[in-house]
Structures are given as structure tokens and as C-alpha cells.
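Quick notes on the structure that follows.
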Amino acid sequence: MATINPVDPRTANGALKAPVAAAGGGDVIPMLPGRTYLVIINNGGGAGITASIDDPASGSGQVEYSNVSIAAGASQVFAFKRPLYGKTPTANVALSYSGVTSVTVDAFGPLDG
């Protein structure tokens with residue numbers, strides 16, 4: 001499991017896209033309460049994968065994006081508006097994947113505030 005730190009794209013020159021290789025045991029992304037983030041999962045492999053993203057701060061007990069199919073050679077973009085107050089507002093967002101060969105992740109944010 002690896003920690004992926006989001007890149008803030010609100011700089012004068014934008015943000016350098018710097019994908020990180022997905023970890024076999026999943027990844028976590030630290031996100032601030034009350035802020036909006038984008039997560040992009042890129043599947044550069046030769047077969048489709050499924051990915052799940054869980055924000056424990058939501059308090060709903062449900063995974064926000066559960067078993068989303070990402071086709072071979074495709075990318076999927078996910079948006080999060082973290083709750084300002086939640087069950088665990090400072091907990092990291094967790095990502096899991098059915099496969100990680102040639103899979104990378106981009107994280108951008110916060111996009112507001």
C-alpha cells in the first residue's frame with residue numbers, strides 16, 4: 001500500500017501530470033475535509049480491471065465507487081467532495097484494484113478553497 005499525495009493544479013503554470021504506479025495492496029490518498037479532488041485511474045494494461053474507491057469520511061458505510069470497470073487502455077476520472085464534518089474527516093481515501101499491471105493513478109486537489 002502506498003500513499004499518493006494530490007497535486008494542486010491551481011498554480012500559475014498548472015500542474016505537472018505525474019502518475020504513480022498503482023500498488024498491489026491498494027493505495028491511499030490524503031484529502032482535506034470540505035475540499036474537492038479528482039482521482040484518475042489509468043489502465044495501460046492489455047485487459048480490463050475493476051477499481052473501488054472508499055472515502056471513510058462519508059459515513060455512509062458504502063464504497064463511493066465500487067467495482068468500476070476500466071477497459072484496457074482507458075482512463076476513468078472520479079470526483080470527490082469530502083464532507084467537512086464526517087465520521088472520520090481526516091481519514092485517507094482508499095483505492096483498491098483487481099490488477100495493477102500497467103495501472104497508474106493521478107490525484108489532483110484541492111480544487112477549491
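The values are calculated or read from the model by the stated rules, or taken from the named source; none is laboratory data. Computed from a predicted structure; not experimentally measured. Ideal geometry is used to build each Cβ from the backbone, glycine not excepted, and the neighbour counts take in all protein chains shown. The protein model used for the area step is the full one, side chains on, heavy atoms only, and it has no ligands, DNA or RNA in it. Shrake-Rupley method; radii C 1.70, N 1.55, O 1.52, S 1.80 Å.
List the relative contact order of the chain as a percent without decimals, with contacts defined as Cα pairs under 8 Å and 6+ residues apart. That works out to 42 percent. Students often get this wrong, so try it: which of (1) 1.03; (2) 1.88; (3) 1.43 is Cα Rg over 2.2 N^0.38 Å as calculated from the structure shown? Working out Cα Rg over 2.2 N^0.38 Å from the coordinates points to (1).
Scanning residues 5 or more positions from A23 or on other chains, those with amide H under 5 Å from its amide H are A2, with H placed 1.01 Å from N in the peptide plane.
Peptides 33-39, 12-18, 103-109 ordered by packing proxy, namely the average of other Cβ atoms within 10 Å per residue, highest first: 103-109, 33-39, 12-18. Probing with 1.4 Å while keeping every protein chain in the model, the per residue accessible area of the chain equals 51 Å².
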